[in-house]
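Taking it in order: structure first as structure tokens, then the write-up.
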Amino acid sequence: MTGFSSFAELCEHVEGVSGSLQKIDLVAAFLAELEEAELAIVPNLVMGVVFPPGSDLVMGVGPSILYEALGRACGCSPDTISNMLRATGDPGLVAEQLAQRRRPIGFGAFVPQDQLSVIDVHRRFVDVARASGRRSQDIKVKNLQFLFSQASPLESRYLARLAIEDLRIGVGEGGVRDALAKAFSTPAGEVERGYNLTNDMGMVAVNAKRGTLTDLSVTINHPIKMMLAQLGEGIPAAMAEMGSAAVEWKYDGARVQIHKDGEQVRIYSRRLENVTSSLPEIVSAVGQEVTAETAILDGEAVALGDNGRPLPFQQILKRFRRKYKVKKLAAEIPLTLFIFDLIYLNGRSVIDLSLTDRRKLLSEICGPRLLAEQVVSDRPERVEEIYQSALDGGHEGIMLKNPASVYAPGKRGKNWLKIKPVMETLDLVVIGARWGEGRRATLLGSYRLACRNLESGTLLDVGWVATGLSDETLAELTEIFKDLIVVEKAMEVELKPAVIFEVAYEEIQRSPNYSSGYALRFPRLVTVRDDKSLEDADTIDRVVSLYKMQRGRNSTA
Ligand code: AMP
């Protein structure tokens with residue numbers, strides 16, 4: 001049986017080397033030695049995943065539960081833990097330092113009672129995930145506390161990170177894929193195919209060891225990765241490339257993958273989380289309108305307002321997140337389902353059929369109320385008309401799909417092209433920043449942005465930009481902003497407004513959280529506008545007018 005200490009040592013080694021090939025070699029050598037029961041778990045753990053997407057188990061541990069458990073196991077106060085966190089930015093290192101300090105009463109040094117195995121740790125994690133009801137927090141804390149009380153300092157580092165599913169050793173899907181290919185002398189493409197179909201690296205690993213990877217197929221009640229779209233460069237270019245295209249509206253909603261297994265319906269979100277209990281009307285619509293005994297359907301759930309136009313994305317998110325009083329919210333924000341693809345039908349996968357054939361099967365089992373409209377055309381003028389009608393309806397644009405294409409799970413290819421209006425960028429003033437975490441603790445990791453109010457001469461914040469910045473960019477930015485720091489409060493700094501960021505975003509939303517009353521959804525830094533001064537930054541008036549222009553949709557909520 002493999003000790004959790006060996007896993008922790010592996011993680012320490014992998015974390016310590018920077019080259020991805022070295023990381024892969026270390027992981028491959030470790031995986032090759034595991035027993036099947038361990039192999040079903042460890043490849044996911046290496047990616048910081050305790051339960052794979054679609055599993056009925058979810059850890060449900062946030063920082064507060066983790067710190068409570070650490071505090072209890074090590075006998076220290078929440079204040080001590082927050083001070084340590086401020087210094088390291090890493091819950092794993094805090095757990096490690098706390099375990100080093102720990103001295104059981106009357107003993108010189110910490111001696112663990114039993115060696116924890118990887119399987120023991122996973123079993124405890126199952127208990128953590130299963131905890132439900134009023135006492136669930138307490139049960140989670142107690143189970144974690146037990147683990148920390150048994151763990152060595154190094155084990156504690158990785159236990160803490162696993163508990164919040166953020167392992168920070170720099171190995172993702174691609175790394176584990178290559179490590180499995182190496183460990184079991186299998187083509188990486190086969191491993192990837194298996195993963196796209198099952199989303200469970202453990203299941204893939206066991207099959208790779210047995211030499212049965214090609215037997216893996218789509219299975220009902222196991223979500224598969226969704227097929228994705230590329231951004232097309234306008235209708236004429238896309239049509240020239242595709243010839244004849246299957247054209248559908250690009251509905252402005254949220255992706256859902258629906259598994260109908262007899263009477264039972266399960267719904268998975270784009271991130272493959274099981275969201276069934278939040279979406280009762282979708283469950284009943286599928287029960288009523290889909291005649292197949294078993295099917296996996298792909299579609300979009302949309303919140304339509306009274307005027308038939310889509311409500312802002314935030315409203316849909318509310319529905320997806322809601323766990324309690326679901327019916328009440330469902331009555332306020334009802335969702336409409338549009339099904340556009342079929343993945344599995346009556347016991348067999350249909351992903352290798354062409355879109356044309358899948359669509360034909362879909363229309364035979366799906367009532368017209370749920371079926372997304374589709375027009376096959378090779379005439380750009382006709383496609384342009386559909387595009388206009390989609391925009392007029394308040395939706396995002398259209399999808400052009402290659403009628404001959406198979407369903408490619410997890411692929412963002414040329415067989416699905418999205419056509420949508422290009423959003424204008426905003427030039428915003430950087431007024432604050434936040435220090436990063438972990439290896440980014442010495443870098444300013446995210447930036448607070450503001451627009452100008454010409455009348456009052458003040459700056460109004462519109463949110464933060466963080467994601468998508470490389471370490472190199474962050475280092476350069478930190479260098480620029482170091483001398484502009486006005487006040488430093490815990491992890492946040494206030495900056496002298498001097499630098500302008502050009503920022504792209506998916507959408508402008510209303511928000512009570514920012515003084516402008518608006519927030520940017522998915523902001524990305526396009527470039528630092530060295531050429532612009534404060535006077536050139538965009539005003540609140542421009543933010544408001546872009547908000548109103550957004551595809552002419554409902555702007556009431
Ligand atoms: P994007 O998120 O911009 O990459 O666009 C892809 C997303 O558009 C998908 O993940 C779906 O959620 C959504 N979508 C809306 N309508 C369709 C459609 N007819 N076909 C495929 N995806 C659609």
For this session: For Val256, list long-range residues whose amide hydrogen, built 1.01 Å from N in the peptide plane, is under 5 Å from its own amide hydrogen.
Result: Gly299, Glu300, Ala301
Exercise. So what's the net charge close to Phe184: Lys and Arg +1, Asp and Glu -1, counting the other residues with Cβ under 11 Å from its Cβ?
Worked result: +2
Problem set entry | Quotient of Cα Rg and 2.2 N^0.38 Å for the stretch 426-552, N being how many residues it contains | 1.02
Exercise. In the stretch 268-363, which GluC sites (Glu not before Pro) are in a loop and have at most 13 other Cβ atoms within 10 Å, using DSSP for the loop call?
Worked result: Glu293
Exercise. In Å, the Kirkwood hydrodynamic radius of the stretch 329-454 over pairs of distinct alpha carbons?
Worked result: 19.1
Exercise. Amide H of Thr294: which non-local residues (sequence gap of 5 or more, or other chain) have their own amide H closer than 5 Å, using H built in the peptide plane?
Worked result: Gly262, Asn346, Gly347
Exercise. Per residue, how much space in cubic angstrom lies within the convex hull of the C-alpha atoms of the chain?
Worked result: 178
Seminar exercise, completed: Looking only at lysines whose Cα falls under 19 Å of Lys260's and that sit 8 or more positions away or on another chain, we get Lys225, Lys360
Exercise. Cα gyration tensor of the stretch 387-466, axes a ≥ b ≥ c as square roots of the eigenvalues: rounded (a/c below 1.5), prolate (a/b > b/c) or oblate?
Worked result: oblate
Exercise. How much net charge surrounds Leu167 when only the other residues with a Cβ under 9 Å from the Cβ of Leu167 are counted, with Lys and Arg +1 and Asp and Glu -1?
Worked result: -1
Exercise. Which aspartates and glutamates, on any chain, are close to Lys142 with Cα under 14 Å apart, when same-chain ones fewer than 8 places away are left out?
Worked result: Glu68, Asp127
Exercise. What ³J(HN,Hα) values, in whole Hz, does the Karplus curve 6.51 cos²θ - 1.76 cosθ + 1.60 give for the stretch 287-301 when θ = phi - 60°, with x put for Gly and Pro?
Worked result: x, 7, 9, 9, 8, 5, 5, 10, 7, 10, 10, 10, x, 10, 9
Exercise. What lysines could a cross-link reach from Lys23, if we take a straight Cα to Cα line under 23 Å and drop same-chain neighbours fewer than 8 places away?
Worked result: Lys182, Lys209
For this session: Give a residue-ordered list of calculated ³J(HN,Hα) values for the stretch 82-97 (Karplus: 6.51 cos²θ - 1.76 cosθ + 1.60, θ = phi - 60°; whole Hz; x for Gly, Pro).
Result: 5, 5, 5, 5, 4, 6, 9, x, 9, x, x, 5, 4, 4, 5, 5
Seminar exercise, completed: Cβ-Cβ cut-off under 15 Å around Glu472, Lys and Arg +1, Asp and Glu -1: the net charge is -1
For this session: Please identify every one of the chymotrypsin sites (Phe, Trp or Tyr not before Pro) in the stretch 9-110 that sits in a loop by DSSP and has no more than 13 other beta carbons within 10 Å of its own beta carbon.
Result: Phe107
For this session: Would you list the P(r) distribution for the stretch 432-495, with all Cα-Cα distances sorted into 10 Å bins from 0 and each bin expressed as a whole %?
Result: 21, 50, 23, 5, 0
Problem set entry | Phi to ³J(HN,Hα) by Karplus 6.51 cos²θ - 1.76 cosθ + 1.60 over the stretch 134-143, Hz, x for Gly, Pro | 4, 8, 4, 4, 5, 5, 4, 4, 4, 5
Exercise. In the stretch 312-358, what chymotrypsin sites (Phe, Trp or Tyr not before Pro) fall in a loop by DSSP, with at most 13 other Cβ atoms inside 10 Å?
Worked result: Tyr324
Problem set entry | Gyration tensor verdict on the stretch 228-419 (Cα atoms; rounded if a/c is under 1.5, prolate if a/b is larger than b/c, oblate otherwise) | oblate
Problem set entry | Cα-based Rg and Dmax for the stretch 73-195, where Dmax is the largest Cα-Cα distance (Å) | 17.6, 56
For this session: Can you tell me what the convex hull of the Cα atoms of the stretch 163-228 projects to on average, as an area in nm²?
Result: 5.5
Exercise. How large is the helix-only mean residue ellipticity at 222 nm for the chain, computed as the sum of -39500 (n - 2.57) over DSSP H runs with n ≥ 4, divided by its residue count, in deg cm²/dmol to the nearest 500?
Worked result: -12000 deg cm²/dmol
Problem set entry | Sequence-distant residues sharing a close amide H with Thr539 (under 5 Å, placed H) | Arg452
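No value in this document is a laboratory result; all are computed from the given coordinates. Since the structure is predicted, the reported quantities are computational estimates derived from the model, not experimental observations. Virtual Cβ from ideal backbone geometry, glycine too; neighbours counted across all protein chains shown.
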